[in-house]
Amino acid sequence: MTRYTGLIENYRDRLPLAPEARAISLGEGRTPLIKLENLTKQVGFDGELYVKFEGLNPTGSFKDRGMTVAVTQAVYEGAKAIICASTGNTSAAAAAYAVRAGVTAFVLIPDGKIALGKLAQAVVHGAVVIQIQGNFDDGMRLVKEIGETTPVAIVNSINPYRLQGQKTASFEIVEELGRAPDFHCLPVGNAGNISAHWIGYSEMAGVATAISPHHGDGRFLDRPLTTTRPRMVGYQAAGSAPFMRGGPVKDPETVATAIRIGDPQSWKLAWALQEESKGWFDECTDDDILATQKLLAASEGVFCEPASAASLCGALRDIKAGKIAPGSTVVCTLTGNGLKDPDIVMKDGLKSLIQVPAERGAVEKALLAHLK
Ligand code: AN7
């Protein structure tokens, strides 16, 4: 047995890092691919439905995959500070990896509309948290401007090393399934993650993609592990769906605060991969997203955050509609952990508590009422 030490050491030969670059890692990656047996049965789907639970990364989201590579490269290049704009998860990851590296993290967050758990992470890891009177898109614009004149490394997904790290999720899926899935569904905000996955699948298949030249050298396996690539499907929140509107959304609004993004940074990459993969974009309402988050938690024991539930929400709908063909193998990425944002499920969750006196009879009565 060898100790697992994170995705850089695991996939070093397929990442564009110098051999002597010291890996800044928290043991990210190797997240479980969970088969949803109960839900598959419930919806009468005769294919295979999996979730890749990225909420089990060290800081609770897929951002760790990108951050380990981006921070490793930034430190290798001599950076003393990193900066990002964030709806929450990127700032949590940046803060944690900055600590590992011994550099300063500056994070720009929107005023309000950020899950408390994510803010707590940035604070506890000692990041310099700057709350701006604006939304994520304002923050992103400011970070780009500041990055031009100030000696700080930008670790948003416009940094190509982020996507290089995030492509490894596709590597793991192909390794586990022995092939690529037929469909891969993700929630879409900036569209960095869906782009990263497409790069990863393409490298696994030994096939060039139009989007890869922008993001490293697309190193292929000596022998491809899959002959096919999935159709990539991206789901947005209805109030924050620039890919459905055909252009930026000025005042994005959604309960899924992680994907409250109106001006996606990987706009061109995402359209290119949609075409190459013959996939599509669609939108989910906030109500449907929250219902899916609860459905998943109550039927499979998996607690993801609202934004993450968008992938499964859309996938279940497209399975029912036959857009995702019967018999298909489907993977949905659950991008973040539900524990980051407990408020959202506790809004009416407290109502389900049963309060009784501390007496055996009262407790027994409550049990009997609920035995299946
Ligand atoms: C849980 O943290 O953009 O389409 O600043 O946290 O690659 O942007 C978060 C994005 C999906 C969207 N699910 O991914 C940020 C940030 C969760 C997320 C997305 C995010 P991209």
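Residue count for the stretch 28-50, restricted to those that are in a strand (DSSP E or B), of a type in the set (A, V, I, L, M, F, W, C) and over 15 Å from Phe171 (Cα atoms): 2. For the stretch 257-303, filtered to residues that are small (Gly, Ala, Ser) and farther than 20 Å from Arg229 by Cβ, the residue that is nearest to the ligand (Cβ to nearest atom) is Ala258.
Restricting to the stretch 320-359, count the residues that are at pLDDT below 95, away from the ligand (no atom under 16 Å from the Cβ) and either β-branched (Val, Ile, Thr) or closer than 14 Å to Leu290 by Cα (or both). Residues in the stretch 320-359 being at pLDDT below 95, away from the ligand (no atom under 16 Å from the Cβ) and either β-branched (Val, Ile, Thr) or closer than 14 Å to Leu290 by Cα (or both): 5 in total.
Residue count for the stretch 130-159, restricted to those that are open to solvent by 20 Å² or more (accessible area, probe 1.4 Å), in contact with a Leu (Cβ under 8 Å, 6 or more places away or on another chain) and over 21 Å from Ala256 (Cα atoms): 2. Exactly one residue out of Ala74, Ala79, Ala92 is within 27 Å of Ile146 (Cβ to Cβ) and within 16 Å of the chain's Cα centre (by Cα), and it is Ala92.
The residues on offer are Ala191, Ala208, Ala196, Ala169, and the sole one that is small (Gly, Ala, Ser) and more than 19 Å from the chain's Cα centre (by Cα) is Ala208. Inside the stretch 100-137, residues that are within 14 Å of the ligand (Cβ to nearest atom) and in contact (Cβ under 8 Å) with a residue 40 or more places away in the chain make up a count of 11. Exactly one residue among Lys372, Lys320, Lys340, Lys365 is of a type in the set (Lys, Arg) and open to solvent by less than 40 Å² (accessible area, probe 1.4 Å), and that residue is Lys340. Consider the stretch 65-99. How many of its residues are out of contact with any Ser or Thr (no Cβ under 9 Å at 6 or more places or on another chain) and within 11 Å of the ligand (Cβ to nearest atom)? The total comes to 2. Taking the criterion of being open to solvent by less than 10 Å² (accessible area, probe 1.4 Å) and within 16 Å of the ligand (Cβ to nearest atom), the residues of the stretch 176-188 that qualify are His184, Cys185, Leu186, Val188.
Regarding the stretch 218-240, can at least one residue be identified that is among the hydroxyl-bearing types (Ser, Thr, Tyr), open to solvent by 10 Å² or more (accessible area, probe 1.4 Å), within 11 Å of the ligand (Cβ to nearest atom) and modelled with pLDDT of 95 or more? No, the conditions are met nowhere in the stretch 218-240.
Every test in (1) over 30 Å from Leu119 (Cβ atoms); (2) not in a strand (DSSP E or B) is passed by Ile261 save one, and that test is (1).
Of the residues making up the stretch 88-129, those that are farther than 25 Å from Gly165 by Cα and open to solvent by 10 Å² or more (accessible area, probe 1.4 Å) are Asp111, Gly112, Lys113, Leu116. Among the numbered conditions (1) over 23 Å from Phe243 (Cα atoms); (2) open to solvent by less than 30 Å² (accessible area, probe 1.4 Å), the only one that Lys351 does not meet is (2). Here Ile173 meets the list (1) modelled with pLDDT of 95 or more; (2) within 22 Å of Arg14 (Cα to Cα); (3) in contact with a Phe, Trp or Tyr (Cβ under 6 Å, 6 or more places away or on another chain) almost entirely, failing just condition (3).
Consider the stretch 243-256 and keep the residues that are touching a Gly at 6+ places or on another chain (Cβ under 7 Å) and free of Cβ contacts under 8 Å to residues at least 24 places away in the same chain. The one that is nearest to the ligand (Cβ to nearest atom) is Val249.
The values are calculated or read from the model by the stated rules, or taken from the named source; none is laboratory data. Computed from a predicted structure; not experimentally measured. Ideal geometry is used to build each Cβ from the backbone, glycine not excepted, and the neighbour counts take in all protein chains shown. Just so you know, the surface numbers come from the protein's heavy atoms only, side chains and all, with ligands and any DNA or RNA stripped out. Shrake-Rupley method; radii C 1.70, N 1.55, O 1.52, S 1.80 Å.
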